[in-house]
Amino acid sequence: MAETTERSGLYARFIEWLVRIGRLFPLPKGIKETLINYETVSYLFIGVCTTLVDYIVYWIVVFPLRGAFDGFAAWMVSLGVPASAVSIEMIGNVISNIIAILFAFVTNKLYVFESRTGGFGTVMKEFGIFTLGRLGGFALSQAFIFITVTKFALMGKMVSKILSSVFVLI
């Protein structure tokens, strides 16, 4: 299936290269045309990049920056928030999700959907809708990390973060 849109730039060339590689796999013709195209491969690539951003930011907050959030956690507890709700793992998951959502919105808008809508109000409306779609997954991820790390210490922090992604995806 030939692409009808003219694309240029390093990102477009990279995605087109991935599409060519994907078309080498022996799949039934209808499935190959439906799944192995610029839009689908681009969406999957940005999804993988978003997941990496989420994991890297979480790791940075939970491990190297751990002490930087002690004061914030103490302040939240003084306001009446339960200590378990402001553990470093919970804070790290909030921060990593915020950054991943921002990254996903911008990259999907510009590279996957190639949307160039104008006006601050229009972009904020799109961002609001996009964020609402991501909040359910965020809530499930928070619950999973709370149960497996903060409350019951069932597994390591990064293992829990990775498994929470699988849990949310399913």
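The values are calculated or read from the model by the stated rules, or taken from the named source; none is laboratory data. Quick caveat: nothing in here was measured; it's all calculated off a predicted structure. Counting neighbours? That spans all protein chains shown, and the Cβs are built from the backbone with ideal geometry, glycine included. For accessibility, only protein heavy atoms count, side chains too; no ligands or nucleic acids. Shrake-Rupley method; radii C 1.70, N 1.55, O 1.52, S 1.80 Å.
Structure data summary
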item: Qualifying residue in the range 39-47 (condition: of a type outside the set (F, W, Y) and closer than 18 Å to S96 by Cβ); result: yes
item: Within the range 96-128, tally of residues that are more than 25 Å from K161 (Cα to Cα) and among the hydrophobic types (A, V, I, L, M, F, W, C); result: 6
item: Members of the range 148-170 found to be at pLDDT below 90 and touching a Phe, Trp or Tyr at 6+ places or on another chain (Cβ under 6 Å), listed by number; result: F167
item: Inter-residue pairs, beta-carbon under 6 Å, first within 19 Å of D54 (Cβ to Cβ) and in the range 96-122, second open to solvent by 60 Å² or more (accessible area, probe 1.4 Å) and in a helix (DSSP H, G or I), 6+ apart; result: I101/R134; V112/Y43
item: From the options I162, I170, residue that is in contact (Cβ under 8 Å) with a residue 60 or more places away in the chain and open to solvent by 70 Å² or more (accessible area, probe 1.4 Å); result: I162
item: For N93: the one exception among (1) within 20 Å of L163 (Cβ to Cβ); (2) open to solvent by 30 Å² or more (accessible area, probe 1.4 Å); result: (2)
item: Filtered residue count, the range 58-110, keeping only those that are within 20 Å of T148 (Cβ to Cβ), among the polar types (S, T, N, Q) and within 12 Å of the chain's Cα centre (by Cα); result: 3
item: Which listed residue is surrounded by 12 or more Cβ atoms within 10 Å (Cβ to Cβ), out of contact with any Ser or Thr (no Cβ under 9 Å at 6 or more places or on another chain) and in a helix (DSSP H, G or I), from V41, V48; result: V41
item: Flag for I145 being open to solvent by 70 Å² or more (accessible area, probe 1.4 Å) and at pLDDT 90 or above; result: no
item: Residue in the range 115-123 that is touching a Phe, Trp or Tyr at 6+ places or on another chain (Cβ under 6 Å) and open to solvent by 40 Å² or more (accessible area, probe 1.4 Å) present; result: no
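Here is a yes/no grid of residues against (1) open to solvent by 30 Å² or more (accessible area, probe 1.4 Å); (2) among the aromatic types (F, W, Y); (3) part of a loop (DSSP other than H, G, I, E, B); (4) over 30 Å from N37 (Cβ atoms):
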{"position": "E89", "(1), (2), (3), (4)": "no, no, no, yes"}
{"position": "L110", "(1), (2), (3), (4)": "yes, no, no, no"}
{"position": "F127", "(1), (2), (3), (4)": "yes, yes, no, no"}
{"position": "V149", "(1), (2), (3), (4)": "no, no, no, yes"}
